Structures are given as C-alpha cells and as structure tokens.
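**Student:** I am attaching a structure below and will ask some questions about it afterwards.
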There are 2 protein chains.
Amino acid sequence: MRTTSGTRGEKVPTAPSANPAVDTAAVTALLERGRTMSTPVLRAAVDRLAPPMDTVAAYHFGWIDAHGRPADGDGGKAVRPALALLSAEAAGAAPEVGIPGAVAVELVHNFSLLHDDLMDGDEQRRHRDTVWKVHGPAQAILVGDALFALANEILLELGTVEAGRATRRLTTATRKLIDGQAQDISYEHRERVTVDECLEMEGNKTGALLACAVSIGAVLGGADDRTADTLETYGYHLGLAFQAVDDLLGIWGDPEATGKQTWSDLRQRKKSLPVVAALAAGGPASERLGELLAADAKSNDFDSFSEEEFAARAALIEEAGGRDWTSQEARRQHAVAVEALERVDMPEHVRAQLVALADFVVVRKR
Amino acid sequence: MRTTSGTRGEKVPTAPSANPAVDTAAVTALLERGRTMSTPVLRAAVDRLAPPMDTVAAYHFGWIDAHGRPADGDGGKAVRPALALLSAEAAGAAPEVGIPGAVAVELVHNFSLLHDDLMDGDEQRRHRDTVWKVHGPAQAILVGDALFALANEILLELGTVEAGRATRRLTTATRKLIDGQAQDISYEHRERVTVDECLEMEGNKTGALLACAVSIGAVLGGADDRTADTLETYGYHLGLAFQAVDDLLGIWGDPEATGKQTWSDLRQRKKSLPVVAALAAGGPASERLGELLAADAKSNDFDSFSEEEFAARAALIEEAGGRDWTSQEARRQHAVAVEALERVDMPEHVRAQLVALADFVVVRKR
C-alpha cells in the first residue's frame, strides 16, 4: 500500500509510520483457523433456537438463502474469532479454550447487526437483503434478542468462575456497543460532529467488541484482570484502526471488493472520520465541503444525485485533508495497539500473530 | 370472589378448589416492600444509561412523562420484585440479598415489554402511549437492548459464583421469554391453536420469568440448584395462574381497573386461553364461535365492530365453557404452585407469604 505523505489537516500530532508489510499467508491461515474452529460451534448454538428463529438466523449468517436452500454466503472477515483463539493462546491456554468466547462475541456482533440494520433502515448487508427486508422487522428484533441471550448462555453454561468473568466483560462491551449505536443515531440529526465525538462513537461501536474478543479467550484461559485489560487496550485501538480503514473504504473502496455501492458512506450521509476531519481542518476546501453538505442535508434531490456529484464531495474531502488524516489515524491507532502487546507476557509466536493481524487490518481492501 | 361452579368444557380433569381467601393487607405490604426496596436500585441502574436512553427508559417506567417532567406513573403490580426478596428469605438470607435479582428481573421484563409492544404494534401500556409511539421504533429497540444488557451487568458486577449462577438462570428465562414471543407471533397467523400450545406459549412468556424471580434471590443467598429448581416450579405455575387470570381480565376485566379497553383481547384477536378452550370444547356455542372468529379473521370491518359484536363473542366463549375452564385452570395452577412450596425447607413465615402472593394472583382484578 502506498504511504500517504504529509497532511493538510490540523489534527496530525506526529509523523505517521509507513504502512506495514503484511504476512498475508499467516493472516489468511489465522482467519481460516478462527472460522474453521468456531463455525461448527456457532451453528450448533444457532440450531438451539426455536423455529422460525433458527431459520432467520441461518439466513442472516449466510448459511441458507431466502428460500431456505443451503447457501455458502459471505460470513464476513472473521477477525473476531481469530482474535479470541489467539487470546486464549496469549494466556498460555490451547486455542480451543477460546472457542466459546469466539462464538459468544460473534453472536453479540450479529445481534447488533440485526438490530442496527433495522434501526438504520439498511436494506443490504454482505451482498444480500437484510433480515428485516426478507423476514420482517419483528423477526429482526426477535432473532437479535435471541442471539444476544444465546451469547450469554454459551459462556455461562461453562459453569466456571472464568466464564462469569468473561460474560461480565462481554456485557460491558455490549453496553458500549449500544451506547455507540445511540450516538450514531443522534449524530445523524446534527449538522456538525467533532473528530473526538466521532472517535468516541467508533470506539464504542467497533473498539469495545474487538477489545472483548482479544481478552475473552485469555480470561477463559485463566488470565488475570491486568493482562486482560492490556489485551483489551490492544483490541480497542485495533478496532479504531479497523474502523478508520472502514471509513476510507466507505468512500474510496472498490465496490467489487467491499460489496457496497460506490461512495457508500456519502450516499448515507454518514459523518465518518474522513468527513469530520475534513470539516475540522479549515481552509477553502473544508469550507466549501461544509456548505455543500449543509445544502445536501436540506436537499430533496439527494437521492437522485449523480456519480459526479458524490465524486465532487469525495474530492473536496480529500483536498481538505480528510483522507490523509484518516489514513494516518489508522496507523496511529495501529501503533498504539501494537505497543500495548509489548506489555503482556505471552509466547512470542502469539505476539507475532497478533501483530500480523493488526498489520492486516490497516492494509485490507475489504 | 365467587366460586365458579361446574363447567361445560370437556377439559377439566378434577374438581377445582374454591378461590382462596386472600390476606390483602399482607400482600399489599409485600408488594410495597418489593417496590420500596428495589425501585431506588432500579432507578440508579437506569441512570447509568447514556442519553437519550436514560430518558426513554425513565418514560417507559413511568418516572417522567413524554415531555420529561417528573411523573408518578403506574409501574405495574411489582409482583416480581416482591418474589425475588422472598426468594432470598426462603434460602435463609436477608431480603436485601435479593435486590440485585429483583432489579435484574425487572430490567429483563421491561426489555421484553419494549420490544413486544413494538413487534405487536401495541400503542398503549399502563394507561400511556408506548415508547415506540412517543420516541420512535429505533429508541424502543435500542433501550430494550440496553435494559437487557444492564440486567446482566447488575448481577455480574457482584463478582460472586452465585451471581454467575443467577445470571445463567436469568439467561435461560430470557430465552424462554423470546421463544414465547416467537410462538405468540406465529399463532397470530394460524386459524387454530390448541390449549396445550397456548399453555406452552404462556409458560414461556409469563411462567419462565416469574420462576426466575422466585429462584434468583435464593441463588444469590446461596441456595443449591435443587432448592432453586423447586422454587422455580412454584414460580412457573404461579405464572400460568397469573396468565390465566390475565386472559380472563383481557375479556371480562373492568376497564377502570385494568387500564385496557373493554373486550381488549378480543379486539386484538388474541388466541388466549378462554378462546382456545371454548373452541376446543365442542358443542353448538363452540362451533358458532369458531365460525364467527373465522369470518372475523377475513373481515375488513373488524376495526369498526360495535360493543355488542364483541359482547356477543364473549357470551359465546362463556357459553362454550371457556370462561369457567380458564377460572378453573388458574386454580389448578395455583394448587400445583402451592404444592411445590411444601417441598422446600424454608422459614414458615416466608412460605406463608409466598402462599398469600399466590392467592392474590388468582383473585386480582387488575
């Protein structure tokens, strides 16, 4: 990936590091291991749901299509399960010890997707119609609730003190997830959102659950709270790096790779990091962007905007420094995440794999 | 209360006992103690929610009105908190030990009300507009989620082995609650529902959480699983008795007392116990009722039905034996509940209070 040179924004504290060279084969193997080891347990958990919730959930996860036929859907990148297994290994336990944690985190993640898609009115996810579009709003609410309850069940039925501690961390993360969604909804109705507010919201929506994924396996493996907290620091900043990249892909991503429309976040008027950073930067491009977005908010024609109109907004965001600032933010968060890893005593190969995952997160194209 | 004599239905297994004489003063004091001891902790828990979720939740609980002004709303009968405190005493602990359990159960109960009202399109609850009507569907989903997460948080932050066990029981009850709502939704689309299906649904929707309320304090007080399970048997059948009475009040209740419309459940086409029992009973009234309800399901004029039309349906339900059968069912479940109490070793005054609460449940008018 190219290194972004310099910035026009006023928010950059230090010179960013170059993007890391990623050990793609190692990361692919890690993600594949997370998926392979956790998916059968996740499917068995979802199979516990009473009909028709089991079918609705299976559709959401991409295991069947809207007609109930087996499907091989895109289940997402599966970063969280990979992290939960490494988390167990970081505490000196076998990766298997992290599986209930991986499954519980995936269940909470998908509970939030089901409810957020309905609240946000999003009709597409992972190249398919969302659950509320196919099965109706009531099923989206109900199955989301069921996945949330199932996440706690999977952990608590282990019956150990560690499981209680793990569930408590998952609950804390879930509360932050909900706080983040509340902020996201309230920001939609506001003309201006500060960079700090945006980072706080993204920390809640993305950082908290990734943090939990990185601590939950360790807690199940017997790690103490200090170790778990430091692992969560890694995970939280990894989440912020992940989200900064997501925000870049939401504007400049390749639709073929991301499965989203061109200028996806601009079409949704999302106040994502590149936008808020560009608006905060000052200067002619920043001011022109501010005027345009304020007019857009009142426009009745917004839905019929052409590609060129979105491209013009993206160009202004870039000119005002929002794209560079966000790229550098991803690398700053990556650096903080990797630094935290150095404060945890763990097998060196596990540390190397956590670093490789962090590297992957900032250079990914989807 | 009058004793219902005999039945026309074919479902009655044994002669029902007469309705018990209730020690009203004792029950009023118990309910008041539950409310007084748990409400401050419940309010402190809800205050943890980030704005605007704290306000939306406070509206739901009746603590403020739609404009944010303090209100003294009807918070419900508070049977569950009273049970949770007695539950702790049943295990020989102080009632205070049951408070986190009482609060957690109330949070889960209200999470389910928020989501169910939205799924069912119910516009009124406790004489007021429901949350989704006042604050919109997204807030109803979000605040429901937050209350559910908060319930787990309140218990797990106790940090004890008992808290983990209590949370596991609460999770099991919550899953049943969700199963019950799924059944309720699916039954709406069916022409016929059997008595057994109706009882199973009501056991999930009402029995499971009442069962949890009666075990959670004991578990927090150190009771073993066998004791907790037997207490849950009492609570489960108490819940079924409670729901049978609710179903009677939903048709023949006094609107002044219940806060619901006349013939409320008939207006909502609810397949409640009196209806399904009447349809199952056979005979001319049962058959005539079946024809009417089948026609109603296809009718475009249903919303403009007169009082007389609903009264005619209620009369047929009664004539077919649905009202008597449901009254007797309430007393049958009451008897099973009280019998279970005899199998638990507990202080006699606690047992007497649990019996008094059970008596109250079957004779209540609201």
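**Student:** List every residue whose amide H lies under 5 Å from the amide H of A:ILE64, counting only residues 5 or more places away in sequence or on a different chain, with H placed 1.01 Å from N in the peptide plane.
**Tutor:** Residues meeting the amide H criterion: A:TYR59, A:ALA71.
**Student:** Run the label-point distances for A:GLU287 please: 7 Å along Cα to Cβ, every other copy, nanometres, shortest first.
**Tutor:** 8.6
**Student:** Taking the beta-carbon count within 10 Å as an exposure proxy, list A:VAL350, A:VAL362 from fewest neighbours to most.
**Tutor:** A:VAL350, A:VAL362
**Student:** Using only the alpha-carbon atoms of the protein assembly as shown, report the extent along each of the three principal axes, biggest first, to the nearest angstrom.
**Tutor:** Rounded to whole Å, the extents work out to 89, 57, 52 Å.
**Student:** Tell me, what is a quarter of the convex hull surface for the C-alpha atoms of segment A:193-259, in nm² with one decimal?
**Tutor:** For the Cα atoms of segment A:193-259, the hull's average projected area reads 5.5 nm².
**Student:** With θ taken as phi - 60° and the coefficients 6.51, -1.76 and 1.60, list the Karplus ³J(HN,Hα) couplings across segment B:85-99 in order, rounded to whole Hz; mark glycine and proline as x.
**Tutor:** Residue by residue, segment B:85-99 yields 6, 4, 4, 4, 5, 4, 8, x, 8, 6, x, 4, 4, x, 4 Hz.
**Student:** Output ³J(HN,Hα) for segment A:26-38: one whole-Hz value per residue in order, computed from phi by the Karplus curve 6.51 cos²θ - 1.76 cosθ + 1.60 with θ = phi - 60°, and x for Gly and Pro.
**Tutor:** Rounded to whole hertz, the list is 5, 5, 4, 5, 5, 5, 5, 4, x, 5, 5, 7, 9.
**Student:** Also: What does the helix-only formula give at 222 nm for chain B: each DSSP H stretch with n ≥ 4 adding -39500 (n - 2.57), the total divided by the residues, and the result rounded to the nearest 500 deg cm²/dmol?
**Tutor:** Taken over chain B, the calculation gives -22000 deg cm²/dmol.
**Student:** Moving to a separate point now. Picking from B:PRO51, B:LEU150, B:PRO255, whose Cα lies most toward the positive end of the charge dipole for chain B (charges on Cβ: Lys, Arg +1; Asp, Glu -1)?
**Tutor:** Value: B:LEU150.
**Student:** Let me ask another. Considering only the label points, 7 Å along Cα→Cβ from Cα, what distances in nm to one decimal separate A:ALA26 from the same position in each other copy, shortest first?
**Tutor:** 7.1
**Student:** Relative to the other copies, what are the label-point distances for B:GLU256, with labels 7 Å from Cα along the C-beta vector, expressed in nm at one decimal and sorted shortest first?
**Tutor:** 7.5
**Student:** Just to be sure I understand: with springs between alpha-carbon atoms less than 10 Å apart, which residue in B:MET37, B:MET201, B:MET119 has the highest mean-square fluctuation in the Gaussian network model of chain B?
**Tutor:** B:MET119
**Student:** Let me ask you something else. Give the order of A:TRP263, A:TRP252 when sorted by the count of other beta carbons within 10 angstrom, beginning with the fewest.
**Tutor:** Fewest-to-most ranking of A:TRP263, A:TRP252: A:TRP252, A:TRP263.
**Student:** Okay, moving on. Assuming 1.567 mPa s and 4 °C, estimate D for segment B:257-366 with Stokes-Einstein, Rh taken as the Kirkwood radius over Cα pairs, in µm²/s.
**Tutor:** Values: Rh = 16.1 Å.
In µm²/s, the coefficient rounds to 80.
**Student:** To the nearest 0.05, how large is the calculated FRET efficiency for A:ARG269 and B:ALA66 if R₀ is 30 Å and r is the Cβ-Cβ distance?
**Tutor:** Calculated transfer efficiency: 0.60.
**Student:** In addition: Beta carbons within 10 angstrom, averaged per residue: use that to sort the peptides B:77-83, A:310-316, highest first.
**Tutor:** On the way: B:77-83: 24.6, A:310-316: 17.6.
Top of the packing list down: B:77-83, A:310-316.
**Student:** Next question. Residues of A:47-54, mean number of Cβ from any other protein chain within 10 Å of their own Cβ, rounded to a whole number?
**Tutor:** 3
**Student:** Counting other beta carbons within 10 Å of each Cβ, put A:SER286, B:SER215 in order, fewest first.
**Tutor:** A:SER286, B:SER215
**Student:** Something else now. For a quick check: with amide H placed at 1.01 Å from N, whose amide H comes under 5 Å from A:GLN124's, ignoring anything fewer than 5 positions away on the same chain?
**Tutor:** Those qualifying (amide H under 5 Å, at least 5 residues apart or on another chain) are A:THR130.
**Student:** Taking each residue of A:116-124 in turn, how many C-beta atoms of other protein chains fall within 10 Å of its C-beta, and what is the average?
**Tutor:** Partner-chain Cβ atoms within 10 Å, mean over residues of A:116-124: 2.
**Student:** Hey, another quick one. So what is the relative contact order of segment B:264-366, in percent, for Cα pairs below 8 Å that sit 6 or more residues apart?
**Tutor:** 31 percent
**Student:** Let me ask something additional. For segment A:272-366, with the dipole built from +1 on Lys and Arg beta-carbon atoms and -1 on Asp and Glu ones, taken about the Cα centre, which of A:VAL361, A:PHE305, A:MET346 lies farthest toward the positive end?
**Tutor:** So the residue we want is A:MET346.
**Student:** Based on the Kirkwood radius over alpha-carbon pairs, what value in µm²/s does the Stokes-Einstein equation return for the translational diffusion coefficient of segment B:326-366 at 20 °C and 1.002 mPa s?
**Tutor:** Answer, rounded: 199 µm²/s.
**Student:** Something else about it: Evaluate the charge dipole of segment A:29-158 about its Cα centre and quote only its size in Debye, nearest 20, assuming +1 on the Cβ of each Lys and Arg and -1 on the Cβ of each Asp and Glu.
**Tutor:** Numbers: 11 positive and 18 negative charges, 48 e Å.
Rounded to the nearest 20 debye, it is 220 debye.
**Student:** Still on this structure: With the crude spin-label approximation of a point 7 Å out along Cα→Cβ, what separation in nm comes out for B:ALA297 versus A:GLU339?
**Tutor:** Output for this residue pair reads 6.6 nm.
**Student:** Right, next: Treating only the Cα positions of chain B as identical point scatterers, give the base-10 log of I(q)/I(0) from the Debye formula at each q in 0.11, 0.12, 0.13, 0.14 Å⁻¹.
**Tutor:** Per q value, in the given order, log10 I(q)/I(0) is -0.76, -0.90, -1.05, -1.21.
**Student:** How big is segment A:41-186 along each principal axis, measuring the range of its Cα positions in Å and listing the largest first?
**Tutor:** 43, 39, 27
**Student:** Hey, got the Cα dimensions of segment A:45-125 along the principal axes, in Å, largest first?
**Tutor:** 44, 26, 22
**Student:** Then there's this: Of A:ASP54, A:ASP301, A:ASP120, which is the most mobile in a GNM of chain A whose springs link Cα atoms less than 10 angstrom apart?
**Tutor:** Of A:ASP54, A:ASP301, A:ASP120, the most mobile in the Gaussian network model is A:ASP301.
**Student:** Report, in debye and to the nearest 20, how large the dipole of chain A comes out about its Cα centre when Lys and Arg carry +1 and Asp and Glu carry -1 on their Cβ. Working shown, then result.
**Tutor:** On the way: 39 positive and 55 negative charges, 60 e Å.
Here chain A has a charge dipole of around 280 debye.
**Student:** Mind ordering A:186-195, A:216-225 by average Cβ neighbours within 10 Å, highest first?
**Tutor:** With the highest mean Cβ count within 10 Å placed first, the list reads A:216-225, A:186-195.
**Student:** Separate question: Treating cross-link reach as a plain straight distance, find the lysines whose alpha-carbon is under 26 Å from the alpha-carbon of B:LYS271, omitting any fewer than eight places away in the same chain.
**Tutor:** Filter leaves B:LYS11, B:LYS77, B:LYS133, B:LYS176, B:LYS205, B:LYS260, B:LYS298, B:LYS365.
**Student:** Further, regarding this structure: Is there a quick way to get the dipole size of the protein assembly as shown? I mean about its Cα centre, with the Cβ of Lys and Arg at +1 and of Asp and Glu at -1; what is the value in debye to the nearest 20?
**Tutor:** About 500 debye.
**Student:** May I pose another question? Let me confirm one metric for peptide A:131-138, namely the mean number of other chain beta-carbon atoms within 10 Å of its residues' beta-carbons.
**Tutor:** Mean partner-chain Cβ count within 10 Å for A:131-138: 2.
**Student:** Next up: Rounded to whole Hz and in sequence order, give me ³J(HN,Hα) for segment A:169-186 from the Karplus expression 6.51 cos²θ - 1.76 cosθ + 1.60, θ = phi - 60°, writing x for Gly and Pro.
**Tutor:** Running phi through 6.51 cos²θ - 1.76 cosθ + 1.60 with θ = phi - 60° gives 5, 5, 5, 4, 5, 5, 4, 5, 4, 5, 4, x, 5, 4, 5, 4, 5, 6 Hz.
**Student:** Among B:THR36, B:THR233, B:THR326, which one shows the highest mean-square fluctuation when chain B is modelled as a Gaussian network with alpha-carbon springs under 10 Å?
**Tutor:** B:THR36
**Student:** Expected output is a single nm value to one decimal: the length gained when fully extending between B:GLU287 and B:GLN261, i.e. 0.36 nm times separation in residues minus the C-alpha distance. What is it?
**Tutor:** Full extension from B:GLU287 to B:GLN261 adds 6.7 nm.
**Student:** Okay, next question. Could you tell me which GluC sites (Glu not before Pro) in segment B:268-366 are loop residues by DSSP with no more than 16 other beta carbons within 10 angstrom of their beta carbon?
**Tutor:** Listed in order of number, the matching sites are B:GLU342.
Values in this text are rule-based calculations from the coordinates and carry no lab data. The structure displayed is predicted, hence computed values, not measured ones. Note: ideal-geometry Cβ built from the backbone for every residue, glycine included; neighbour counts use all protein chains shown.
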